[in-house]
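Have a look at the structure below, then the notes.
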Amino acid sequence: MIRAAVITAGGVGRRMGSAVPKQYLHLGGMPMLSRTLRVFDEHPTIDVIVLTVPPGDEASCRKEIIKPFGFKKIRDVVSGGATRQESVWNGLQAVRDSDLVAIHDGVRPLVSHDIITATFNAAEEIGASVACRQIKETVKRKTGDSTIETIPRADLWLAHTPQTFRTAIILEAHKKARESAFEGTDDAVLVERLGFPVKIVQDSEDNIKITTPRDMILAELLLQQP
């Protein structure tokens, strides 16, 4: 069984307020994206990795993000698209021979091997899985200029990555979305549209998405934990 990973790194970092795209910023002495790739490259059951990057960044990523760290499992660096969904589609084309594929944000470098393994196990079992964290705070919905309603939080989860699938299922889901011009906010919703079940995997609070300077500070602190 071939297990693959598609790492998406197509952001421009507007919320970070940096001239350098956030995925290329250094975290703990190495580029954030390299740190993410290292987690997957060192995972014992992942066979191949494909990285999606902004168009024109392919050569520089190979030179600055991949080569200095000697990663062994990088199959390809592919050009991303105008949207994250299009970038993932491009990445999936390079792992069509895989049986399972994890899709992961390049700016979540603190993901653990345990979470990755759990999503692969769940996807192998039922076809699709998502790393999620249950909401702990009260959630309100604004229904008018000054009217709100409270949403029961017991069944509400925050969807993170990795999101892991049988490759045939996620390819079909992306194909159908493209045919109907449907743009989802993550990959799991594309699978949900086809009626496939998606299993929740309890995520760690450390698996943060780094998009702001405050996130960078928190990530540096988390890296210092024993």
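Here's how it looks for Val6: its modeled amide H is under 5 Å from those of Val50, Ala102, Ile103, His104, which are all 5 or more places away or on a different chain.
Grab the beta carbon distance between Asp99 and Lys140, set R0 = 30 Å, and tell me the FRET efficiency rounded to 0.05. Spell out each step's value before the answer.
Details: r = 42 Å, r/R0 = 1.41.
Approximately 0.10, to the nearest 0.05.
By the count of neighbouring beta-carbon atoms within 10 Å, fewest first, Glu220, Glu86 end up ordered Glu220, Glu86. For Leu110, the residues whose amide H sits under 5 Å from its own are Ile208, ignoring neighbours fewer than 5 places away on the same chain, with H placed 1.01 Å from N.
For Glu86 and Leu223, calculate 0.36 nm times their separation in residues minus their Cα-Cα distance, and state this gained length in nm to one decimal.
Once the chain is fully extended between Glu86 and Leu223, it gains 46.1 nm.
Here the extension length gained between Ser180 and Glu64 equals 38.0 nm, from 0.36 nm per residue of separation less the Cα-Cα distance.
One compactness figure for segment 161-223 is 1.46, namely its Cα radius of gyration divided by 2.2 N^0.38 Å.
Sorted largest first, the spans of the alpha carbon positions of segment 104-226 along the three principal axes are 46, 40, 26 Å. Of the residues Met216, Met30, the one with the fewest other Cβ atoms within 10 Å heads the list, and the complete ranking is Met30, Met216.
In what sequence do Lys175, Lys73, Lys22, Lys142 fall when counting other Cβ within 10 Å, fewest first? Spell out each step's value before the answer.
On the way: Lys175 13, Lys73 16, Lys22 26, Lys142 9.
If I rank by nearby Cβ atoms, fewest first, I get Lys142, Lys175, Lys73, Lys22.
Approximating the spin labels as points 7 Å out from Cα along Cα→Cβ, the Lys72-to-Glu172 distance works out to 3.5 nm.
Stokes-Einstein at 20 °C, 1.002 mPa s, Kirkwood radius from Cα pairs: D for segment 1-147 in µm² s⁻¹?
Numbers: Rh = 16.4 Å.
Answer from the Stokes-Einstein relation: 131 µm²/s.
Could you work out the mean projected area of the convex hull around the alpha carbons of segment 133-191, in square nanometres to one decimal? Spell out each step's value before the answer.
On the way: hull surface 23.4 nm².
The number I arrive at for segment 133-191 is 5.9 nm².
Taken together, the values in this text are just the output of simple stated rules run on the coordinates, not laboratory data. Only a predicted model underlies this, so the values are computations on that prediction, with no experimental measurement involved. Neighbour counts are summed over all protein chains in view; Cβ atoms, including those assigned to glycine, are modelled from backbone coordinates with ideal geometry.
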